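Derivation of every value follows stated rules applied to the coordinates shown; laboratory data play no part. Not measured: the values here are computed from a predicted model. For neighbour counting, all protein chains shown are included, and Cβ atoms are generated from backbone atoms with ideal geometry for every residue, glycine included.
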Amino acid sequence: MQTLYLIGFMGSGKSTVGKLLHDKLGGLYLDTDEMVVEKYGEIATIFEQKGEKQFRDYETEMLRETAGENFVVSTGGGIIERRENGKFMKSNGLVIYLDTSFDEIESRLGSDPTRPLWRKNDLEKQRLYQRRNKLYSELADITVVTDHKSPHIAVKGIIGQLQ
Ligand code: S3P
């Protein structure tokens, strides 16, 4: 199996969908956020004490560890902030974008304290969303809209497009 990378905004369901996809397809499941936490500690603490750049360095380092085949990889929403990460995912596997509307993200995340970049005012969050939406779309080999869909239905949609 070609390695599959799940990308999308915070709250788009990358981890849930990634685990289900892995249940269906097999291979090995990895999550770049979990990898960072395991090696370097909680994400909110890294942002607070070392800053976003340091987190992006850790995230990029973890992504590099997914080189090879047979992985289903859930990524952090900001993985596309570094162009080199997009290039890496494209050259190492297939990129799947979980496309979720801003309103749906807001209702899913509420005021989640564990996501430092979600602790902003509405305008800033919308700007971040719009800017990234474009980057995800440009990078995607497969796009699945996840609004009003259960993770199981999203997985069905992905598998349908893989065949
Ligand atoms: C981030 C998203 C988070 C996590 C970190 C930064 C982002 O992952 O990597 O808080 O920049 O969008 P999720 O997309 O899993 O929430």
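Numbers below:
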| read-out | value |
| --- | --- |
| Cβ-placed point charges (K, R +1; D, E -1), dipole of the chain about Cα centre in debye, nearest 20 | 320 debye |
| Label zone at Leu25 (point 7 Å along Cα-to-Cβ), backbone N below 12 Å, region 54-86 | 69-74 |
| Among His22, Ile79, Thr45 the positive-end extreme of the charge dipole of the chain (Cβ point charges) | Ile79 |
| Exceeding the 25 Å Cα-Cα cut-off - candidates Lys14/Lys90; Lys53/Lys90; Lys14/Lys125; Lys19/Lys50; Lys39/Lys156; Lys120/Lys149 | Lys19/Lys50; Lys39/Lys156; Lys120/Lys149 |
| Descending semi-axes in Å of region 16-157, equivalent ellipsoid built from Cα gyration tensor | 22, 20, 15 |
| Helical mean residue ellipticity (222 nm; -39500 (n - 2.57) per DSSP H run of 4+; nearest 500) of the chain | -17000 deg cm²/dmol |
| Label-point separation, Glu48 to Gln2 (7 Å along Cα→Cβ), nm | 4.2 nm |
| Label-to-label distance, nm, for residues given as Lys90 and Ile153 (7 Å Cα→Cβ offset) | 3.2 nm |
| Span from the region 104-163 Cα centroid across to the region 23-63 one, whole angstrom | 18 Å |
| Three-way shape label, region 1-56, alpha-carbon gyration tensor, a/c 1.5 | prolate |
| Estimated FRET transfer efficiency when R0 is 25 angstrom, pair Lys134-Asp112 (beta carbons, to 0.05) | 0.60 |
| From the C-alpha gyration tensor of region 55-120, square roots of 5λ in Å | 25, 15, 10 |
| Trypsin sites (Lys or Arg not before Pro) restricted to DSSP loop in region 85-163 with at most 13 other C-beta within 10 Å | Lys120 |
| Estimated distance in nm for a label pair at Gln161 and Asn121, the labels positioned 7 Å out from Cα along Cα-to-Cβ | 3.5 nm |
